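The values are calculated or read from the model by the stated rules, or taken from the named source; none is laboratory data. Just so we're clear, the structure is a prediction, and the values are computed from it rather than from any experiment. Glycine also receives a Cβ, built like all others from the backbone with ideal geometry; neighbour counts cover every protein chain displayed. The accessibility values were calculated without ligands, DNA or RNA, using every heavy atom of the protein model including side chains. Shrake-Rupley method; radii C 1.70, N 1.55, O 1.52, S 1.80 Å.
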Amino acid sequence: MSTPANLTFRRASPAHTAEVLSVLNEAADWLRRRAVTQWPDRFDRSWIEEAIARGETWLVRDGGTAVGTLTLDWSDPLWADTAGSAGYVHRMAVRRRAAGLGAVILEWAAGTVRIRRRDVLRLDCVASNGRLRAYYEARGFLHRGDVPVGGAPGQRRDDGPVTWVSRYELPLPG
């Protein structure tokens with residue numbers, strides 16, 4: 001997919017919560033219909049409200065239409081055992097009509113992390129999602145091990161079911 005000339009990245013505010021949920025739930029539904037256990041069937045508002053309030057969640061728009069979302073934050077307890085300054089991508093999703101936009105979003109995230117003078121871009125995905133793991137590896141992300149995470153897929157908790165996730169990082173040379 002070529003990058004649309006009118007593609008913009010805007011911080012989501014609490015007023016955009018429904019739009020963020022709409023993009024995430026469309027992607028979650030698409031995954032569920034393909035029997036991919038990456039995320040829950042539906043996202044709960046409470047899972048995204050704090051990141052939106054902190055200004056870490058972004059809406060990607062093509063013209064005035066939300067076609068993608070991601071959360072880009074600056075710490076992640078899942079990586080507490082790993083040195084380096086990083087930016088962390090979470091809950092990246094695109095609408096099906098914008099399929100192919102993921103690479104553009106990852107490129108934008110890497111550039112944003114570079115501007116903040118961080119060394120790497122990190123993310124994770126459910127370890128059993130071989131297609132997504134291959135996608136990240138094809139874009140230069142390096143596998144940095146698998147770790148258990150509590151809660152439902154897509155949720156981070158200290159309790160609940162355990163999901164194994166694969167951690168990936170992309171080195172960002174100066």
TODO: Within the stretch 77-125, track down each residue that is over 18 Å from G140 (Cα atoms), open to solvent by 40 Å² or more (accessible area, probe 1.4 Å), assigned to a loop (DSSP other than H, G, I, E, B) and not small (G, A, S).
DONE: D81, T82, R116, R117
- [ ] Any chance you could count how many residues in the stretch 1-55 are hydrophobic (A, V, I, L, M, F, W, C), over 19 Å from I105 (Cβ atoms) and within 15 Å of the chain's Cα centre (by Cα)?
- [x] 1
Open item on the list: For the list (1) under 29 Å from W164 (Cα atoms); (2) crowded, with 18+ Cβ neighbours inside 10 Å; (3) touching a strand residue (DSSP E or B) at 6+ places or on another chain (Cβ under 8 Å), I need the number of the one condition that W74 fails.
Closed with: (2)
Open item on the list: Just checking, does the stretch 127-145 include any residue being open to solvent by 50 Å² or more (accessible area, probe 1.4 Å) and without any contact (Cβ under 8 Å) to a residue 24 or more places away in the chain?
Closed with: yes
- [ ] Check A152 against each of (1) surrounded by 12 or more Cβ atoms within 10 Å (Cβ to Cβ); (2) modelled with pLDDT of 95 or more; (3) touching a Ser or Thr at 6+ places or on another chain (Cβ under 8 Å) and name the one condition it does not meet.
- [x] (2)
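From the list W164, W74, which one is among the aromatic types (F, W, Y) and over 16 Å from the mean Cα position of the chain (by Cα)?
On the way: W74 fails: over 16 Å from the mean Cα position of the chain (by Cα).
Of the residues listed, the single one that is among the aromatic types (F, W, Y) and over 16 Å from the mean Cα position of the chain (by Cα) is W164.
Can you pull out the residues in the stretch 45-65 that are in a strand (DSSP E or B), surrounded by fewer than 20 Cβ atoms within 10 Å (Cβ to Cβ) and not basic (K, R)? Explain how you work it out, then say what you get.
The first filter runs over the stretch 45-65 and keeps only residues in a strand (DSSP E or B), leaving 57-62, 65.
Subset that is surrounded by fewer than 20 Cβ atoms within 10 Å (Cβ to Cβ): 61-62, 65.
Listed by number, the residues that qualify are D62, T65.
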TODO: Could you grab me the full set of residues in the stretch 10-44 that are in a loop (DSSP other than H, G, I, E, B), of a type in the set (G, A, S) and without any contact (Cβ under 8 Å) to a residue 40 or more places away in the chain?
DONE: S13, A35
